[in-house]
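Asks: Got a structure for you, questions after.
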Amino acid sequence: MPYILPELGYSYDSLEPFIDAETMKIHHTKHHQTYVNKLNSALSEFPELQILSVQELLKLLNTSQIPDKIKTAVRNHGGGHANHSFFWQLLKKDVSLNGKISDVINSTFGSFDKFKENFTAAAVNLFGSGWAWLVLNNGKLEIMQTQNQDSPISLGKTPVLGIDVWEHAYYLKYQNRRADYVTAFWNVVDWERVNENLKKTI
Ligand code: MN
């Protein structure tokens with residue numbers, strides 16, 4: 001089993017009351033685990049691909065190195081595994097905005113409030129299931145949306161911040177009120193981690 005469910009590194013109730021423990025538990029142990037299982041199943045006949053990290057698989061998604069018969073599975077389940085692994089690490093309460101990300105957001109978007117407004121709109125207005133992202137694209141920050149479990153990595157972009165807006169990410173606590181979940185999300189962004197992400201290029 002080349003791909004495994006990563007530990008969160010914190011307890012399921014750590015993000016209360018913003019993201020509830022039951023949602024975190026089901027999201028991690030059921031939803032994320034299923035992406036991992038289905039990715040492993042899809043790659044079972046391809047040992048030469050199993051040695052690659054999920055990020056490497058996604059970078060190769062649109063090349064002939066990923067056989068056509070498993071492209072959809074890598075896109076959906078590889079994307080799901082990578083996106084969720086990234087998302088868990090972003091979440092922590094009581095970390096205030098600090099460091100280089102603060103400066104780069106101000107210089108790119110004019111102010112943090114303007115960035116927050118645009119990112120929130122991307123998250124709230126995305127139709128159906130998907131993600132809103134802050135990514136690095138050729139060294140420049142931009143906000144983008146992806147549908148389903150599509151990953152910015154497959155498009156050559158490096159995720160810096162992201163929010164899962166599938167209903168499974170918020171329905172137990174917020175029901176249809178996605179905007180309330182997105183508002184709550186700002187209380188659990190680990191800006192230290194976002195600063196770390198800014199230094200990486202995938
Ligand atoms: Mn999810």
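Asks: Counting just the residues of region 165-202 that are hydroxyl-bearing (S, T, Y) and not in a helix (DSSP H, G or I), which one comes out nearest to L91 (Cα to Cα)? Give the derivation first.
Replies: Keep residues of region 165-202 that are hydroxyl-bearing (S, T, Y), which gives 170-171, 174, 181, 183, 201.
Then drop every residue that is not not in a helix (DSSP H, G or I), which leaves 170, 201.
Working: Y170: 14, T201: 20 Å.
Selected residue: Y170.
Asks: Determine which single condition S85 fails, assuming it passes every other condition in (1) under 14 Å from V165 (Cα atoms); (2) surrounded by fewer than 19 Cβ atoms within 10 Å (Cβ to Cβ); (3) within 16 Å of the ligand (Cβ to nearest atom).
Replies: (1)
Asks: If you take the residues of region 41-57 that are among the hydrophobic types (A, V, I, L, M, F, W, C) and more than 16 Å from the ligand (Cβ to nearest atom), which of them is surrounded by the fewest Cβ atoms within 10 Å (Cβ to Cβ)?
Replies: Ranking the candidates gives I51 first.
Asks: Next up: Among the residues of region 136-144, is any aliphatic (A, V, I, L, M) and in a helix (DSSP H, G or I)?
Replies: no
Residue-wise test of (1) more than 16 Å from the ligand (Cβ to nearest atom); (2) closer than 30 Å to Y174 by Cα.
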position: L8; (1), (2): no, yes
position: S14; (1), (2): yes, yes
position: R75; (1), (2): no, yes
position: G80; (1), (2): no, yes
position: I101; (1), (2): yes, yes
position: S107; (1), (2): yes, no
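Asks: Please specify each residue of region 73-115 satisfying the condition of being under 20 Å from T29 (Cα atoms) and of a type in the set (G, A, S).
Replies: Correct list: A73, G78, G79, G80, A82, S85.
Asks: Scanning region 116-140 for residues that are of a type in the set (V, I, T) and over 14 Å from the mean Cα position of the chain (by Cα), which turns out nearest to H168 (Cα to Cα)?
Replies: Initial filter on region 116-140 (of a type in the set (V, I, T)): 120, 124, 135.
Among the residues that remain, those that are also over 14 Å from the mean Cα position of the chain (by Cα) are: 120, 124.
Working: T120: 18, V124: 15 Å.
Residue satisfying both the conditions and the ranking: V124.
Asks: Can you list the helices (runs of 4 or more DSSP H) lying wholly within region 21-91 that have 1 or more residues being small (G, A, S)? Break it down into steps so the answer makes sense when it comes.
Replies: On the way: elements: 21-26, 33-42, 47-50, 54-59, 68-73, 79-90.
By residue number, 21-26, 33-42, 68-73, 79-90.
Asks: Considering only region 2-24, I want to know if a residue exists there that is at pLDDT below 95 and either surrounded by 14 or more Cβ atoms within 10 Å (Cβ to Cβ) or under 17 Å from N83 (Cβ atoms) (or both).
Replies: Yes, region 2-24 has at least one match.
Asks: Does K140 satisfy the criteria of being more than 16 Å from the ligand (Cβ to nearest atom), over 22 Å from G78 (Cα atoms) and in contact (Cβ under 8 Å) with a residue 12 or more places away in the chain?
Replies: Answer is yes for this residue.
Asks: What's the number of the condition W131 fails, among (1) more than 16 Å from the ligand (Cβ to nearest atom); (2) closer than 14 Å to N83 by Cα?
Replies: That leaves (1) as the condition not met.
Asks: Further question: Here are K38, K71: which of them is within 16 Å of the ligand (Cβ to nearest atom), under 22 Å from the mean Cα position of the chain (by Cα) and surrounded by 12 or more Cβ atoms within 10 Å (Cβ to Cβ)?
Replies: On the way: K71 fails: within 16 Å of the ligand (Cβ to nearest atom).
When all the criteria are applied, what remains is K38.
The values are calculated or read from the model by the stated rules, or taken from the named source; none is laboratory data. Remember, predicted model here, so these are calculated numbers, not experimental data. Glycine gets a Cβ as well: all are built from the backbone with ideal geometry, and neighbour counts include every protein chain shown.
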